[in-house]
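Here the structure is laid out as structure tokens; the discussion comes afterwards.
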Amino acid sequence: MNFRKIYVWMMLLILMALATTACASPSQEGRMLRGNPSAPVTLVEFTDFQCPYCANGARTVSAMMSKYEGKVKLIVKHYPLPFHPVALPAALYFEGIALQSPEKAWQFYDAMFANPGRLSEGEDALKTVAAELGVDMQKLEKDVRSPETYKKIAADKQEFEAAKFDGVPVFIINGTALVGAQPPQAFIEVIDAALK
């Protein structure tokens, strides 16, 4: 093996180590979850509804939830990027809908990531999806604007920044962070290790 190949392998190992790092488990207090509440694996997803990489990550998470049904629970946290003008309103709508119905909030999550182009319509798209889900729109309008909902998003942002992450998506699986839109195999390796 020549020096160039050794160098390439060393760089790949370093990049993999940077992409999968250990970190403190994020707070789960007061958070809605998807999946089995007593699942042994907790997957916390820091996301931005307007981020294309987060949409890819959400598809991978969905596949992992199916593959490890009953063994993984998902908690979504928000890090709306400042250059995505609809990301913060989408996060507020998700949390506002969750106050009425966790099931409808997850349907909203799925709808937003299934058709991210819809967000180009701005907040009207969020209202349309919420109405299609049968959400009480008057209550939602109040919940979306409530200080408690804003505080939840602010707490997520503070937690994200305290961990010194610099972009979304970030997935924390039982304390191990996967940074960026990772391939399914990266999730499988971390989840399988957590299940041992």
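The values are calculated or read from the model by the stated rules, or taken from the named source; none is laboratory data. For clarity, every value in this text was computed on a predicted model and none was experimentally measured. Here the Cβ is made from the backbone with ideal geometry for all residues, glycine too, and neighbour counts use every protein chain on show.
Summary of computed values
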quantity: Residue within region 136-158 that is touching a residue at least 40 places away in the same chain (Cβ under 8 Å), closer than 15 Å to Ala98 by Cβ and aromatic (Phe, Trp, Tyr) present; calculated: yes
quantity: Residue list for region 149-196, filter: over 15 Å from Cys51 (Cβ atoms) and polar (S, T, N, Q); calculated: Thr149, Gln158, Asn174, Thr176, Gln185
quantity: Exclusive hit being surrounded by fewer than 18 Cβ atoms within 10 Å (Cβ to Cβ), at pLDDT below 95 and of a type in the set (Asp, Glu), set Glu132, Glu69, Glu121, Glu103; calculated: Glu121
quantity: Listing of strands (runs of 3 or more DSSP E) fully contained in region 32-84 that carry 2 or more residues being among the aliphatic types (A, V, I, L, M); calculated: 41-47, 72-78
quantity: Number of the exception - Ser25 against (1) surrounded by fewer than 19 Cβ atoms within 10 Å (Cβ to Cβ); (2) at pLDDT 95 or above; calculated: (2)
quantity: Residue check, Met1 modelled with pLDDT under 95 and part of a loop (DSSP other than H, G, I, E, B); calculated: yes
quantity: Residues satisfying the stated conditions in region 153-175, i.e. among the charged types (D, E, K, R) and at pLDDT 95 or above; calculated: Asp156, Lys157, Glu159, Glu161, Lys164
quantity: Residue check, Thr176 surrounded by 13 or more Cβ atoms within 10 Å (Cβ to Cβ), out of contact with any Gly (no Cβ under 8 Å at 6 or more places or on another chain) and not acidic (Asp, Glu); calculated: yes
quantity: Filter result for Ala155 (aliphatic (A, V, I, L, M), in contact with a strand residue (DSSP E or B) (Cβ under 9 Å, 6 or more places away or on another chain), over 19 Å from His78 (Cα atoms) and surrounded by 12 or more Cβ atoms within 10 Å (Cβ to Cβ)); calculated: no
quantity: Checklist (1) touching a helix residue (DSSP H, G or I) at 6+ places or on another chain (Cβ under 8 Å); (2) under 19 Å from Pro169 (Cβ atoms); (3) of a type in the set (Gly, Ala, Ser) applied to Gly117, failing item; calculated: (1)
